[in-house]
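This report refers to the structure that appears directly beneath it.
The values are calculated or read from the model by the stated rules, or taken from the named source; none is laboratory data. Everything quoted here is computed from the prediction, not taken from an experiment. Cβ: placed from backbone, ideal geometry, glycine included. Neighbour counts: every protein chain shown.
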Amino acid sequence: MPDTERTWNIAAQLDDLRAQELWRELRPLDEAHGLTVRSGDREWINFSSNDYLGLAHSQEMQAALEDGIAKYGGGSGASRLVCGTHRSHVTLEEALAHFKGTEAALTFSSGFAVALGTIPALVGAGDTIILDKLCHASLVDAARLSGATIRVFPHNHLDKLERLLQTAQGRVLVVTESIFSMDGDAALLKEIVELKSRHGAWLLVDEAHAVGVLGPQGRGLSAALGVDQQVDLHLGTLSKAFGLSGGYLAASRQVIDLLINRARSFIYSTAPPMHLAHALTTMIDLISSRRGDLLRSKLHTNVGQAVQLLKDIGMSPPAVQAAILPVIIGEASQALAASARLRDSGFLIPCIRYPTVARGSARLRITLSAEHSVSQITALGSALQAAL
């Protein structure tokens, strides 16, 4: 009999991760109430959450979930195409389509599942997918799964994108994020829309870090720039500014009908619980309301304060439009040490390393929330100066 443990060589792989400063482990939190998180007897102010509007622990969220559970109970019990589609799912999808200005929308169990279901359902062998180099791993994995030819252009490099469009074969899908998750900068969406239209391509925009944060009623960067009607596929998550979990694809009615029939991550997954769909519909109403505008205003004020503090301590933060502020350090060991010093000072900001970002660009990824106070951000500036 073969020595299966030696054949798989798991221990050596783990040792290699440790040697490269790429070892990761789960750190369970005992409590997470808004911006304050606790594990054991330690407590930190959280500057790493994607809960940009502070809705995850809000009174509105608690009330919506309690109402949903009272009405619908727990799990859905089946996949959407068996008997798992409830009126609450349809109501949510209609609300998302209205919110994004499309004919229809479809919800998935996660943002990753949206990408894995959508891209292989629409393109395949003989087609071409053109991605920004900094696209999220879910978009890259979905492109690989599709079997289409993959071409990559350097981040926001429009000349290279145009050259790739000129030589692309078959159906052509351009894929980008609107706000990039690890750098916090924006895609050149107006220019990308013009190029894709000129060459007859389709455009998928992942607005995970822009929806709720940017644009009229929080509808995202494409809406802020006035090009949302020219985006063919609007991908987003329900786990960031919306404060819950799941993902969606908003597009034409025909595209959504095709996904219902061909998106494997949708077809073969149990439907999300109805109470989540109910609460998410409530969150869309809140985000679109005057209350949502006030939260966005507070968030942008907090981002401006944090940017100025970084400048005051001699750093040059990138141009940001959303809530992500990367502090690029370089070597993983140095970034890990800085993160540990911040933890000792009472701030939770994990280190981001390869393969999430390129080798030699390890960083602290600071995220702001509408809930952060002026004093918390000021204290972070002092702690960050001491940690670097």
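Some notes on this structure:
- Complete set of residues in region 196-220 that are more than 23 Å from residue 295 (Cα to Cα) and surrounded by fewer than 20 Cβ atoms within 10 Å (Cβ to Cβ): 197, 198, 199, 200, 202
- So residue 65, is it outside any strand (DSSP E or B) and farther than 23 Å from residue 205 by Cα: yes
- Failed condition for residue 48, given (1) in a helix (DSSP H, G or I); (2) outside the structural domain of residue 245 (by TED's automatic domain parsing); (3) of a type in the set (Ser, Thr, Tyr): (1)
- Scanning region 259-275 for residues that are aliphatic (A, V, I, L, M), over 20 Å from residue 68 (Cβ atoms) and not in a helix (DSSP H, G or I) gives a single hit, 263.
- Subset of region 4-40 that is more than 23 Å from residue 333 (Cα to Cα) and small (Gly, Ala, Ser) - its residue that is surrounded by the fewest Cβ atoms within 10 Å (Cβ to Cβ): 40
- Some residue of region 159-167 being surrounded by fewer than 23 Cβ atoms within 10 Å (Cβ to Cβ) and of a type in the set (Val, Ile, Thr): yes
- Which listed residue, of 364, 309, 384, is free of Cβ contacts under 8 Å to residues at least 40 places away in the same chain, buried (at least 16 other Cβ atoms within 10 Å of the Cβ) and in contact with a helix residue (DSSP H, G or I) (Cβ under 8 Å, 6 or more places away or on another chain): 364
- Highlighted here are the strands (runs of 3 or more DSSP E) found entirely within region 96-197 that include at least 3 residues which are in contact (Cβ under 8 Å) with a residue 40 or more places away in the chain: 104-108, 128-132, 172-177.
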